[in-house]
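Report on the following structure.
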Amino acid sequence: MIRKILVTSGLPYANGHIHIGHLVEYIQTDIWVRFQKLIGNDVTFICGDDTHGTTMMLRARSEKRTEVEIITEMHDAHLKDFNGFGIEFDFYGTTHSEENYQICTEIWNALKHNGLIEEHEIEQLYDTSAETFLADRFVKGTCPVCGKKEQFGDNCECGAHYEPTDLIDAVSTITGTKPILKKSKHLFVKIENEHKFLDQWVNSGALQPEIANYLKGQFLNSELRSWDVSRPAPYFGFEIPDSPNNYWYVWFDAPAGYIGSTLQWCKATGHDFNKLWHNNATEIHHFIGKDITYFHTLFWPTMLKVSGFTLPKKVHVHGFLTVNGEKMAKRRGTFILATTYLKYLHPDYLRYFYASKISGRVDDLDLNFDDLEGRVNADLVGNLVNLASRTAKFMQGISLSPSYPDDGGLFKRAADVSNEIAEAYEIGDYSKVIRIVMECGNRANKFIEDKTPWAISTDKNKTSELQDICTIGLNLFRQMAIYLLPILPNLKNSVEELFNSKITNWNDATKPVTGIMISPYKHLIKRVDRKAIERIIEESKQTEFVEKPAETNAESNNAVDTVDSDEILKAEPLLSEKISIDDFTKIDLRVARVVEAENVEGAKKLLRLKLSFGGSESRQVFAGIKSAYKPDELIGRLVICVANLQPRQMKFGLSEGMVVAAGLGGEEIFLIKPDNGAKPGMRLH
């Protein structure tokens with residue numbers, strides 16, 4: 001049965017350009033959408049720019065331009081970045097539209113009709129120089145709990161939450177002046193009126209278990225606070241129809257933008273709007289970052305329910321991006337714009353790397369460029385493309401075998417996991433998808449290595465045997481490629497060109513192709529160029545970014561850090577026993593790359609690693625790092641290994657070395673990583 005699905009990603013704020021932190025969400029969503037379309041579902045992917053708020057108003061003032069000029073410019077820039085990474089929206093709109101105003105008005109009237117709107121006079125910090133009330137992120141001061149300076153107006157690095165008026169020595173981040181307290185009337189939504197409904201919806205299966213538990217523990221176990229949904233003039237946004245000089249807060253009209261953009265699309269294409277947002281037969285799926293969970297899982301469902309719109313079938317919440325284990329930072333060259341990345345590296349590299357780390361849970365994702373390089377080179381070049389490059393060149397002037405040859409069950413075995421791969425895509429566990437597909441590739445490459453088509457290609461008496469071997473190898477490659485198409489969209493045209501046949505749907509992976517001519521082989525995916533990575537980092541250090549506080553989702557995700565946090569560790573005492581330089585030189589410390597990693601059945605602390613030292617030299621090592629690292633996180637990573645340690649026979653197998661790590665008495669484990677430029681096999685001196 002074909003499912004009708006409407007998918008949204010969080011709306012990027014129109015105040016800044018797209019960076020690699022944003023792309024975690026949009027790539028993740030695009031992969032899910034592409035998979036759903038490949039299996040034949042009817043999917044509409046809607047997104048758009050989040051445009052309103054104080055930030056945009058202040059930027060327009062400073063640049064002496066209108067807000068509309070800025071958001072139009074940024075809309076085009078955002079679309080260009082998304083297109084560069086193969087992210088295909090069915091429609092990309094804007095919250096600053098007549099359609100979104102229409103939707104906001106409809107929701108507002110429904111909230112009023114149901115008695116959920118109330119008015120209160122509140123006291124806020126006000127910047128007399130900028131002549132504007134200050135949102136939380138426009139105030140800095142000393143934390144009233146721990147005394148730490150330079151903290152924002154809503155929470156401190158120590159974990160404390162407070163009101164902006166609680167800050168000590170508060171100053172405006174706009175003008176640097178001391179704000180005053182000023183009263184104004186605000187409109188609130190009494191979401192406590194819908195507490196019973198929210199209890200039911202949170203337990204409906206629409207949320208990941210950890211998110212549902214968080215909401216129940218933090219909010220739903222007590223009375224829900226009313227939600228402030230208005231801001232007084234001056235403000236860039238929609239003026240509330242029945243409340244002159246008051247504007248809907250950006251977090252009111254931003255999620256409404258999902259519906260407003262859908263309405264824009266329907267008007268342009270003739271699709272039936274009611275079948276999408278007023279019909280429970282359509283599944284609504286939201287993909288968002290964990291920082292905006294509160295708005296999408298309490299306020300937004302309340303707005304939808306009261307106004308009669310379709311509730312989300314699923315809210316897919318993901319974690320943040322770190323780079324080398326830290327927040328993105330300009331000074332380290334890790335705050336990387338989408339445009340900078342695209343100048344030097346192929347977009348599918350980043351898509352594949354992100355997919356290899358995404359599990360469908362709310363875990364943060366770490367980008368390590370050594371890891372990216374290793375995964376792309378090992379998986380995509382050394383495993384996937386290797387199958388095609390080692391067989392296609394022997395098929396010039398020869399068609400694939402007229403019937404599929406006996407491959408010992410390889411194609412069938414890979415076809416039999418089609419449903420398992422599809423289930424992993426469905427729940428957003430792309431790392432499992434890659435793991436299964438690469439296992440198929442390992443078996444396929446071993447088959448080709450054992451059959452050595454290059455060795456028999458010059459023997460005219462073995463033309464038929466060569467044809468069969470290459471038919472098998474190419475079909476196994478095509479099967480893997482189809483499974484990975486949602487992740488690697490640029491691969492589709494290349495595979496279709498190579499095979500002179502179209503890929504029409506997911507089931508093509510379960511049917512081999514035979515009797516057709518193969519086009520001349522062209523490079524499908526190149527190895528990652530280390531110099532390109534270095535250029536990206538260097539250029540990102542030099543780029544000047546205009547980063548201003550934002551009130552919505554896009555800029556709060558992965559904000560640029562300015563000061564490294566000092567971590568004072570209780571160190572282990574230094575050893576008093578001295579050794580000679582001769583003792584030290586007896587230890588053969590080598591750079592190695594992890595090419596395989598897996599859990600050890602029956603072992604609580606151990607992972608089994610296969611380490612490559614370059615060339616054909618490799619070792620098996622059992623490492624007690626299971627508590628700190630998942631196997632998938634290690635593959636492709638460079639480590640330091642004691643290479644001349646006496647092998648040790650364990651009940652799980654032979655351990656032929658030891659990886660070097662730091663830690664605190666076994667409670668924390670940190671693998672030692674060589675610096676950029678180190679290669680497997682290099683010795684430490």
Just for the range 290-312: of the residues that are at pLDDT below 95 and either assigned to a loop (DSSP other than H, G, I, E, B) or of a type outside the set (Asp, Glu) (or both), which one is surrounded by the most Cβ atoms within 10 Å (Cβ to Cβ)?
Ile292
Of the numbered conditions (1) among the small types (Gly, Ala, Ser); (2) in contact (Cβ under 8 Å) with a residue 40 or more places away in the chain; (3) on the phi < 0 side of the Ramachandran plot, Ser655 satisfies every one except a single condition; which is it?
(2)
Just one of (1) outside any helix (DSSP H, G or I); (2) crowded, with 24+ Cβ neighbours inside 10 Å; (3) at pLDDT 95 or above trips up Asp30, so point out which.
(1)
Return yes when Phe188 is modelled with pLDDT of 95 or more and in a strand (DSSP E or B) and no when it is not.
yes
Quick check, is Tyr521 not charged (D, E, K, R) and not in a helix (DSSP H, G or I)?
yes
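Would you check if there is a residue in the range 409-427 being hydroxyl-bearing (Ser, Thr, Tyr), over 29 Å from Ile537 (Cβ atoms) and crowded, with 23+ Cβ neighbours inside 10 Å? Reasoning before the result, please.
Here is the first cut: in the range 409-427, the residues hydroxyl-bearing (Ser, Thr, Tyr) are 418, 425.
Subsequent filtering for residues that are over 29 Å from Ile537 (Cβ atoms) retains 418, 425.
Restricting the remaining residues to those that are crowded, with 23+ Cβ neighbours inside 10 Å gives 425.
Yes, the range 409-427 contains a residue that is hydroxyl-bearing (Ser, Thr, Tyr), over 29 Å from Ile537 (Cβ atoms) and crowded, with 23+ Cβ neighbours inside 10 Å.
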Identify, please: which residue in the range 447-495 is surrounded by 22 or more Cβ atoms within 10 Å (Cβ to Cβ) and small (Gly, Ala, Ser) and is, among those, farthest from Ile421 (Cα to Cα)?
Gly473
Go through (1) exposed (fewer than 14 other Cβ atoms within 10 Å of the Cβ); (2) among the small types (Gly, Ala, Ser); (3) in contact with a helix residue (DSSP H, G or I) (Cβ under 7 Å, 6 or more places away or on another chain) one by one and return the number of the condition Gly86 breaks.
(1)
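Look at Gly86 and say whether it is part of a loop (DSSP other than H, G, I, E, B), among the small types (Gly, Ala, Ser) and modelled with pLDDT of 95 or more.
Considered against the rule, which asks whether it is part of a loop (DSSP other than H, G, I, E, B), among the small types (Gly, Ala, Ser) and modelled with pLDDT of 95 or more, Gly86 comes out as yes.
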Given the criteria in a helix (DSSP H, G or I), at pLDDT below 95, outside the structural domain of Phe394 (by TED's automatic domain parsing) and basic (Lys, Arg), does Lys526 qualify?
no
Filter the range 439-465 down to residues that are on the phi < 0 side of the Ramachandran plot and not in a helix (DSSP H, G or I) and give me whichever is nearest to the chain's Cα centre (by Cα).
Ser457
Would you confirm whether or not the range 192-202 contains a residue that is assigned to a loop (DSSP other than H, G, I, E, B), among the charged types (D, E, K, R) and surrounded by fewer than 18 Cβ atoms within 10 Å (Cβ to Cβ)?
no
Any chance the range 633-643 includes a residue that's basic (Lys, Arg) and in contact with a Lys or Arg (Cβ under 9 Å, 6 or more places away or on another chain)?
yes
Being modelled with pLDDT under 95 and on the phi < 0 side of the Ramachandran plot is the filter; apply it to the range 395-418 and report the residue that is farthest from the chain's Cα centre (by Cα).
Ile398
Would you point out which residue out of Lys80, Lys37 is surrounded by fewer than 23 Cβ atoms within 10 Å (Cβ to Cβ), modelled with pLDDT of 95 or more, charged (D, E, K, R) and farther than 27 Å from Ile421 by Cβ?
Lys80
For the range 325-341, which positions are under 17 Å from the mean Cα position of the chain (by Cα) and in a loop (DSSP other than H, G, I, E, B)?
Gly325, Lys327, Met328, Thr334, Phe335, Ile336
Can you run down the residue pairs with Cβ atoms below 8 Å, 6 or more apart or on separate chains, where the first is in the range 121-148 and within 11 Å of Thr54 (Cβ to Cβ) and the partner is of a type in the set (Asp, Glu) and at pLDDT 90 or above?
Phe133/Asp127; Leu134/Asp127; Phe138/Asp127
Note on the range 222-256: residues out of contact with any His (no Cβ under 6 Å at 6 or more places or on another chain) and part of a strand (DSSP E or B) are Trp227, Arg231, Pro232, Glu239, Asn246, Tyr247, Trp248
Neighbours by Cβ (under 8 Å, 6+ apart or cross-chain): first from the range 513-533, within 18 Å of Leu484 (Cβ to Cβ) and touching a residue at least 40 places away in the same chain (Cβ under 8 Å); second surrounded by 13 or more Cβ atoms within 10 Å (Cβ to Cβ) and of a type in the set (Asp, Glu):
Ile525/Asp348; Val528/Glu373
Kindly indicate whether Leu589 is within 30 Å of Lys531 (Cβ to Cβ), in contact (Cβ under 8 Å) with a residue 12 or more places away in the chain and not charged (D, E, K, R).
yes
For the range 377-395, give me each residue that is surrounded by 23 or more Cβ atoms within 10 Å (Cβ to Cβ) and either hydroxyl-bearing (Ser, Thr, Tyr) or assigned by TED's automatic domain parsing to the domain that holds Asp81 (or both).
Thr391
Which one of these is outside any helix (DSSP H, G or I) and under 32 Å from the mean Cα position of the chain (by Cα): Ile421, Ile503, Ile436?
Ile503
Right, Lys275: charged (D, E, K, R), surrounded by 16 or more Cβ atoms within 10 Å (Cβ to Cβ) and either in contact (Cβ under 8 Å) with a residue 24 or more places away in the chain or assigned to a strand (DSSP E or B) (or both) or not?
no
Tally up the residues in the range 617-644 that are part of a strand (DSSP E or B), in contact (Cβ under 8 Å) with a residue 24 or more places away in the chain and of a type in the set (Gly, Ala, Ser), please.
1
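The values are calculated or read from the model by the stated rules, or taken from the named source; none is laboratory data. Treat the numbers as computed from the prediction; the structure is a model and nothing was measured. In this analysis, Cβ positions are derived from the backbone assuming ideal geometry, glycine residues included, and neighbour counts consider all displayed protein chains.
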